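**Q** Supplied in structure tokens, the structure appears directly below.
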Amino acid sequence: MFLKKVATAGAFSLMATASYAACDIDGRVSIVGNEFPAIQTVGKGAQECAGGVVKANLTADHQKINVAGMQGDPAEYTSAIIANSSIVALMNEDVIRPLDDLVAEHGADLKPNQMITIDGKVMAVAFMANAQHLVYRKDVLAEIGVEPPKTYEELLDAAKMIKDKGIMEYPVGGAYAAGWNLAQEFTNMYIGYDGAFFKPGTAEVSINNESGIAALNMMKSLSAYMNPDFLTHDSNATSAEWKAGNVALMNMWGSRVGPLTETEGSTQEIVDNTAIAGPMTVGGGETPATTLWWDGWTVAKNVSDEDAEATFKAMMHAIRPDILNEETSPQAVWLIDGYEPTDAAAGVFDAAERGSVPYPMLPFQGLLHTALGAELADFMQGKESAEQALADTEAAYIAAAKEKGFLQ
Amino acid sequence: MKHKTFFWFFLPTALAMLLFIALPLVSIVTQSLYTAHEQVFKTVENCGPFGCKQETTIDQEATAALRDEKPMGKWAGAQIYMDRGHLAVNEVRAAWRSSDSWGAFLSQVSNFPFYSALAFTLTFMFVVTPLCIILGFAIAVGVNSLHRHLKGLVIFFSLLPMIVTPLIGSLILFWMIDSRGILGSGIQWLFDDPNLSLKASTGLTWIMLMVYGVWHSAPFAFVVFYAGLQTLPQDTLESAQIDGATRWQQIRYVVIPHLMPLVTFVALIQMMDNFRVFEPIVGFNASAHATSLSWIIFNDLGGETRQLSAAAATSVLTVIGVAILLSPVLVRTWRDFNEKT
């Protein structure tokens, strides 16, 4: 216990000398958010604030608890770190407050593109951008004499060559775990085939079409080059496969490239040969088969004005330009002033420049995502046809949307 | 016992049952009968790092007005129970009409989430429960015949699977049976098939989950039976030995009849537990191959948009399922009780 105290005291004095940016708050701050390096940096930043209690609960299951944790009065969480998909759930339940007054008072340093405005009101402050894009092994592609693929068709050809040459048994990686990840990969691929999820302006789903079938068939073709356990592999497991040197080509989150360049659990050879490129297109389409994401923070509605102000100040402190250094810069594509893009950011920048589509911010997109995650696994295992899987997804979505009042 | 004594004696239990059993039941039944209000949409301009876009959003003021008027939501009656996510009444009827054989009908029905979950849940329960009882009994008899110095140690190790938190236990096994894990590679070597993967095949995933289920809950049966063995009437056993009964005959005609009431008890508890199978599915990431009723509830609540009414309806169906399964045992207990008084 004593040792721990000494260590903490030491850490605090180090921090005080390293970044002398005082943060005095007068209120309660409690943060809930996802768990990856960039968000951990933000959580740590907020906890530097003195004068009030700052708690951070960063977990991969954040979106299972954030709505419930903000519905109470007063809310348990004064701030939720969310992305463009998960802010919708908070908006639907009306648990976050407009930030215009706080931005006017304390947000002078924010750039306009950091402010997420919905119907003219600032509802969140974004601090990083994210997208899935290609990660490849330079040495393996050099061995088969192929350029990094620009389309999924090229990726399939390269995978076949790697397998035929006996370099790797399962050269393709992908976060295809049944549930959220599988639904996300379908969303990417469907957008790549120019598919539209809903009839415009309504909550009526329409994915059982040529684009949907083409997207599923492409996913099935890719899975033939994946570890047979692919339906259990989330982003963590896929990254581990990469680090173990079992995979040469994968579509991976920009925010997870940083850890791939560390030798822990990997070898120097793999780290040196890990390279990234922009997202791929598919089926001759122009739109990359990926989605753009931002991560940002919100302030709960059901908290006192003092707590809201304290939260806003602490979170502003957490994303001040000073947090950027050699360690934190490669963690994400920061939207913070003074950020110099590192090599790890090239993929996300390329995705944004080539007109990728942001993940839709529709009130009912989450229900479709859940339905996709549960119903597509049967197709991926070859138990049913693409048409049947898409019809099942539509039916599951319709039942859920009726329950939530989106459809009558 | 006097009525007054009984009342004061029973009051704490009654209060706890009311608070932790009756009220939650009322709550889920009510929740399952209502759905969310019709959502009023409006199109607004959303701006962010990637530019501005016209998008649909919920008109919170209009929805709040609806909500204030009827805070419970919209009355739905049995609509949720009948929809595709639950009993799928219309879909099952359509499947019955369109299929010409039982096989075709069942394969269509197993496509609906509730029935596919029910299929796994029931298989799991009916396989794991008897295996647990048999294994638990065998361990108990085995441990009971050990030298007394060894007993403590063996009991401790036999109980370990039950002490390990289910989620942690299943996660550890999940890594071990990975095709690159120690058990996974071992099985590949044993069957001489480098592509064999327990996680990629539905049948093997089911077997794996059931093996885990037996591993996890056999210690419970063992502890109960072991305690029962300590009360074994020694004179009956000795007279059986004098009559020349073999060890098997002693177990068959003395030990088993003595432990029979405990078997009922263990079966009851195990059936309830196994009907609620949940942790291994999450721990083994097995939802692509096997789902259970509890997993459906978890999935309904775990999405970005929580489906409270759907989860409540599945909970009510689970409670009904448990009641049906336990009814034969309960009826028997009731009859025994009446015979005695």
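**Q** What FRET efficiency would be calculated for the residue pair A:K160, A:R320, taking the C-beta separation as r and a Förster radius of 45 Å, to the nearest 0.05?
**A** On the way: r = 49 Å, r/R0 = 1.09.
Working from the Cβ atoms, E equals 0.40.
**Q** Next question, about the same structure. Mind checking the full-extension length gain between A:S304 and A:E35? Use 0.36 nm per residue of separation minus the Cα-Cα distance, one decimal, nm.
**A** Numbers: separation 269, 0.36 × 269 = 96.84 nm, distance 2.70 nm.
So the extension gain works out to 94.1 nm.
**Q** Let me ask something additional. What percent do you get for the relative contact order of chain A when only Cα pairs under 8 Å and 6+ apart count?
**A** Details: 750 pairs, mean separation 106.1, N = 408.
Reported as a whole number, the value is 26 percent.
**Q** While we're on this one: Under 5 Å between amide hydrogens, which residues at least 5 positions from A:G173 or on another chain qualify, with H placed 1.01 Å from N in the peptide plane?
**A** Counting only residues 5 or more places away or on other chains, the set is A:A248, A:L249, A:M250, A:N251.
**Q** Report the one residue of B:A290, B:W189, B:S239 whose Cα lies farthest in the direction of the positive end of the charge dipole of the stretch B:115-340 (charges on C-beta: Lys and Arg +1, Asp and Glu -1; origin at the Cα centre).
**A** It is B:S239.
**Q** For a quick check, take a GNM of chain A with Cα springs below 10 Å and name the residue from A:V122, A:V135, A:V299 with the largest mean-square fluctuation.
**A** Between A:V122, A:V135, A:V299, it is A:V122 that shows the largest mean-square fluctuation.
**Q** Could you work out the relative contact order of chain B, using alpha carbon pairs under 8 angstrom and six or more residues apart, expressed as a whole percent?
**A** Details: 337 pairs, mean separation 74.4, N = 341.
Computed value for chain B: 22 percent relative contact order.
**Q** Please compare each pair in B:K151/B:K340; A:K383/A:K404; A:K111/A:K313; A:K138/B:K53 to a cut-off of 27 Å on the Cα-Cα distance and tell me which ones are over it. Display every interim value, and only then the final one.
**A** Working: B:K151/B:K340 37 Å; A:K383/A:K404 30 Å; A:K111/A:K313 16 Å; A:K138/B:K53 38 Å.
From the list (B:K151/B:K340; A:K383/A:K404; A:K111/A:K313; A:K138/B:K53), the Cα-Cα distance tops 27 Å for B:K151/B:K340; A:K383/A:K404; A:K138/B:K53.
**Q** Let me ask something additional. First measure r as the distance between the Cβ atoms of B:I21 and B:A64, then evaluate 1/(1 + (r/R0)^6) with R0 = 35 Å and state the FRET efficiency to the nearest 0.05.
**A** Details: r = 34 Å, r/R0 = 0.98.
So, using R0 = 35 Å, E works out to roughly 0.55.
**Q** I've got another one for you. If each DSSP helix of 4+ residues adds -39,500 (n - 2.57) and the sum is divided by the residues in chain B, what number results at 222 nm, nearest 500 deg cm²/dmol?
**A** Numbers: 17 runs with 236 residues, N = 341.
So the calculated ellipticity at 222 nm is -22500 deg cm²/dmol.
**Q** Okay, next question. Taking the Cα-to-Cβ direction at A:T261 and at B:V329 and moving 7 Å from each Cα, how far apart do the two end points lie in nm?
**A** 5.9 nm
**Q** Give me B:F275, A:F349 sorted ascending by neighbouring Cβ count inside 10 Å, so fewest comes first. Don't skip to the end; give the middle numbers.
**A** Numbers: B:F275 20, A:F349 16.
Least to most surrounded, the residues fall as A:F349, B:F275.
**Q** Dipole of chain A, Cα-centred, from +1 at each Lys and Arg C-beta and -1 at each Asp and Glu C-beta, to the nearest 20 debye? It would help to have the intermediate numbers written out before the result.
**A** Details: 26 positive and 54 negative charges, 84 e Å.
Approximately 400 debye in magnitude.
**Q** Along the charge dipole of the stretch A:21-150, pointing to its positive end and built from +1/-1 on Cβ of Lys, Arg, Asp and Glu, which listed residue (A:T41, A:I25, A:V53) has its Cα farthest out?
**A** My answer, from the dipole projection, is A:T41.
**Q** Pull out the extension gain between B:F157 and B:L122, defined as 0.36 nm times the separation in residues minus the alpha carbon to alpha carbon distance; nm, one decimal.
**A** Values: separation 35, 0.36 × 35 = 12.60 nm, distance 2.98 nm.
Result for the pair: 9.6 nm of gain on full extension.
**Q** I would also like to ask the following. Roughly what percent of Cα-Cα pairs across the protein assembly as shown reach past 48 Å?
**A** Working: 73750 of 280126 pairs.
Summing the P(r) tail past 48 Å for the protein assembly as shown gives 26 percent.
**Q** Taking R0 as 60 Å, what FRET efficiency do you get between B:L268 and A:E204 from their Cβ-Cβ distance, rounded to the nearest 0.05? It would help to have the intermediate numbers written out before the result.
**A** Numbers: r = 48 Å, r/R0 = 0.80.
E between B:L268 and A:E204, to the nearest 0.05, is 0.80.
**Q** Another question, if that's okay. Using a 4.7 Å Cβ cut-off, which Cys residues in the protein assembly as shown lack a partner cysteine?
**A** Cys with no partner Cβ under 4.7 Å: B:C132.
**Q** Which is farthest toward the positive dipole end of the protein assembly as shown among B:G228, A:I270, B:C52, measuring Cα position about the Cα centre, with Cβ charges +1 (Lys, Arg) and -1 (Asp, Glu)?
**A** Farthest towards the positive pole: B:G228.
**Q** Given the options B:W295, B:W75, B:W215, state which has the largest fluctuation in a GNM of chain B using a 10 Å cut-off (strictly under) for Cα springs.
**A** B:W75
**Q** For the stretch B:225-230, what does the Karplus curve 6.51 cos²θ - 1.76 cosθ + 1.60, with θ = phi - 60°, yield as ³J(HN,Hα) per residue in whole Hz, taken in order and with x for Gly and Pro?
**A** 5, 4, 4, x, 5, 5
**Q** What ranking of A:W293, B:W334 emerges when the number of other C-beta atoms within 10 Å of each C-beta is taken as an exposure proxy, fewest first? List each step's numbers first, then the result.
**A** Values: A:W293 24, B:W334 10.
Going from sparsest to densest Cβ surroundings: B:W334, A:W293.
**Q** Quick one: angle between helix B:23-33 and the longest Cα principal axis of chain B, in degrees between 0 and 90, rounded to 10, please.
**A** Once rounded, the angle reads 40 degrees.
**Q** How compact is the stretch B:115-340 by the rule of thumb for globular proteins, expressed as Cα Rg over 2.2 N^0.38 Å?
**A** 1.20
**Q** Under a Cβ-Cβ cut-off of 11 Å, what is the net charge of the residues other than B:H216 that fall near it, where Lys and Arg count +1 and Asp and Glu count -1? Please report the intermediate quantities before stating the final value.
**A** Working: positive: none; negative: B:D273, B:E279.
Spelling it out: positives minus negatives among the neighbours equals -2.
**Q** Can I ask one more? To the nearest 10 degrees, how steep is helix B:256-275 against the longest Cα principal axis of chain B, on a 0 to 90 scale?
**A** 20 degrees
**Q** Which links in A:K64/A:K220; A:K163/B:K199; A:K44/A:K121 stretch past 25 Å when you go from one Cα to the other?
**A** Working: A:K64/A:K220 29 Å; A:K163/B:K199 22 Å; A:K44/A:K121 28 Å.
Pairs exceeding the cut-off: A:K64/A:K220; A:K44/A:K121.
**Q** Next question, about the same structure. If you average the alpha carbon positions of the stretch B:105-160 and of the stretch B:258-294, how far apart do those two centres end up, in angstrom?
**A** 8 Å
**Q** Would you list, by chain and number, the aspartates and glutamates whose Cα falls below 12 Å from the Cα of B:K74, excluding same-chain residues fewer than 8 positions away?
**A** A:E403, B:E38
**Q** Dipole magnitude of the stretch A:38-157 about its Cα centre, charges +1 at Lys/Arg Cβ and -1 at Asp/Glu Cβ only, in debye to the nearest 20? Mind showing how you got there, number by number?
**A** Working: 9 positive and 17 negative charges, 53 e Å.
For the stretch A:38-157, the charge dipole is close to 260 debye.
**Q** Angle, helix B:308-340 long axis vs. longest principal axis of chain B, Cα atoms, 0 to 90°, nearest 10?
**A** Once rounded, one gets 30 degrees.
**Q** Here is a follow-up. For chain B, what is the charge dipole size about the Cα centre, in debye to the nearest 20, if Lys and Arg each add +1 at the Cβ and Asp and Glu each add -1 at the Cβ? Walk me through the numbers on the way to the answer.
**A** Numbers: 21 positive and 22 negative charges, 165 e Å.
Charge dipole, chain B, about its Cα centre: 800 debye, nearest 20.
**Q** Net charge near B:T129, counting Lys/Arg +1 and Asp/Glu -1 over other residues with Cβ under 14 Å of its Cβ?
**A** Working: positive: B:R276; negative: B:D273.
Net local charge, B:T129 excluded: 0.
FYI, it's all coordinate maths here, none of it is from the lab. Note that the structure is a prediction, hence the values are computed from the model and not measured. Note that each Cβ is placed from the backbone with ideal geometry, even for glycine, and that neighbours are counted across all protein chains shown.
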